[in-house]
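Participant: First the structure, which I've put down as structure tokens, then a few questions once you've had a look.
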Amino acid sequence: MFSESDLRELAQINAKSPVLSLYLNTDPSLGNSETHKLRGRSMLKDIPLPQDLEAIQRFLDHEYNWSGRGVAVFSCAAEGFLRTYSLAVPVRNLVHIGDRPSVKILADLLENYGGYGVVLVDKQGARVFHFHLGTLVEQEGVVGEEVKHAKRGGASSMPGRRGGSADQSRSVDEQIDRNMREEADFAARFFEARRVRRVLVGGTDENTTLFRSYLPKTWQSLVVGSFAISMTASHHDVQSKAIQIGMEAEARREAVRIERMITSAAKGKEGSIGLVDTLAAVNEGRVQTLI
């Protein structure tokens, strides 16, 4: 599983020979393994690095199991270097040659999908999940007191009688509050121990809102969204939902970046649009973000 330490290792490489970087989107919705292999060969067909091409092709043909939704391969055959990473999230197709691996896509994946926490909640218990780059790392659960709702009608609901519906409703509300507090504390401890960076909350609108109110404020700020899902959902369903929300959040962030860039350029401030102006900014070392 790709980690921040892997990213640091790749970023520190400065080879004396060319490094070939390949990112290949292997999402099953785009075709089977043979389709992806063909796309990979097409991307690499004009690369003048025969030893690296052989190493990468051997990996794709005989070693990669095609179970992921993306793969990253870095090869420098002249220095005996080959690194491969199977990814549970899709990547954009890219081939790059340079004196070091092209790690921007992996850095973005860590930013958008690294250290995700998901918690499913109801009035009695919670299930917590730790995902990293779309892969389930660990899951746990907690169950509180059973919530027994007050029955309507009957002698116990008559005014002046002890144990009436008002007392029962109050007791139920207090029980739900205790359960929710326990769930929030349990989830916060689970996420903190695993250094989770962002959290998704699943359940009904009522339950997710109540749960979020009991989270410590530091964790409330890390909740990036909530969604409707059954407490009995499989981890595959939870995983798919987390990836979907992550992709939507990434698309929103990119849209905001583009809008800011266009606005800045239109106002003649910190932004350039078009090939000539952009290349001039690159040559002058003024680029902070390149889109």
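Participant: Ignoring any ligand, DNA or RNA, what whole percent of the accessible area of region 186-233 comes from carbon and sulfur when the probe is 1.4 angstrom?
Facilitator: Roughly 52 percent, rounded to a whole number.
Participant: Pick from ALA233, ALA88, ALA107: which is most flexible by mean-square fluctuation in a GNM of the chain where alpha carbon atoms under 10 Å apart are linked?
Facilitator: ALA233
Participant: Obtain the nm distance between the two label points defined at ALA193 and GLN244 by a simple spin-label model: each point lies 7 Å from its Cα along the Cα-to-C-beta direction.
Facilitator: Using points 7 Å along Cα→Cβ, the separation is 3.0 nm.
Participant: Still on this structure: Please name which of THR35, LEU20, ILE105 has its Cα lying farthest along the dipole of region 1-125 towards the positive end, using unit charges on Cβ (Lys, Arg +1; Asp, Glu -1) and the Cα centre as origin.
Facilitator: The residue sitting farthest along the positive end of the dipole is THR35.
Participant: A further question follows. Before I look further, what does the chain give for accessible area per residue, probe 1.4 Å, in whole square angstrom?
Facilitator: Accessible area per residue: 57 Å².
Participant: Suppose only helical runs count, i.e. DSSP H with n ≥ 4. What mean residue ellipticity at 222 nm does that imply for the chain under -39500 (n - 2.57) per run, divided by all residues and rounded to the nearest 500 deg cm²/dmol?
Facilitator: Computed ellipticity for the chain at 222 nm equals -13500 deg cm²/dmol.
Participant: When the Karplus curve 6.51 cos²θ - 1.76 cosθ + 1.60 is applied with θ = phi - 60°, which whole-Hz ³J(HN,Hα) does each residue of region 227-240 get, with x for Gly and Pro?
Facilitator: 7, 7, 6, 6, 5, 9, 4, 6, 5, 5, 5, 5, 4, 4
Participant: With an 8 Å cut-off on Cα pairs and a minimum separation of 6 or more residues, tell me the relative contact order of the chain in percent.
Facilitator: 15 percent
Participant: When the accessible area of region 1-66 is split by element with a 1.4 Å probe, what percent falls to carbon and sulfur?
Facilitator: C and S fraction of accessible area: 49 percent.
Participant: Now, a different point. Short version: ³J(HN,Hα) in whole Hz for each residue of region 97-103, in order, from phi by Karplus 6.51 cos²θ - 1.76 cosθ + 1.60 (θ = phi - 60°), x for Gly and Pro, what are they?
Facilitator: 3J(HN,Hα) across region 97-103, in whole Hz: 10, x, 8, 8, x, 8, 10.
Participant: Just give me a number: lysine pairs in the chain, eight or more positions apart or cross-chain, with C-alpha atoms less than 22 Å apart.
Facilitator: 6
Participant: For LEU38 and LEU82, FRET efficiency with R0 = 22 Å and r from the beta-carbon atoms, rounded to 0.05?
Facilitator: The calculated FRET efficiency here is 0.50.
Participant: Arrange the peptides 39-46, 110-117, 74-81 so that the one whose residues have, on average, the most other Cβ atoms within 10 Å appears first.
Facilitator: My ranking of the peptides, most packed first, is 110-117, 74-81, 39-46.
Participant: To one decimal place, what orientation-averaged projected area in nm² is obtained for the convex hull of the Cα set of the chain?
Facilitator: Mean shadow area of the hull around the Cα atoms is 21.7 nm².
The values are calculated or read from the model by the stated rules, or taken from the named source; none is laboratory data. None of the values given here were measured: they were computed from a predicted structure. Cβ coordinates were reconstructed from backbone atoms using ideal geometry, including for glycine residues, and neighbour counts include every protein chain displayed. Just so you know, the surface numbers come from the protein's heavy atoms only, side chains and all, with ligands and any DNA or RNA stripped out. Shrake-Rupley method; radii C 1.70, N 1.55, O 1.52, S 1.80 Å.
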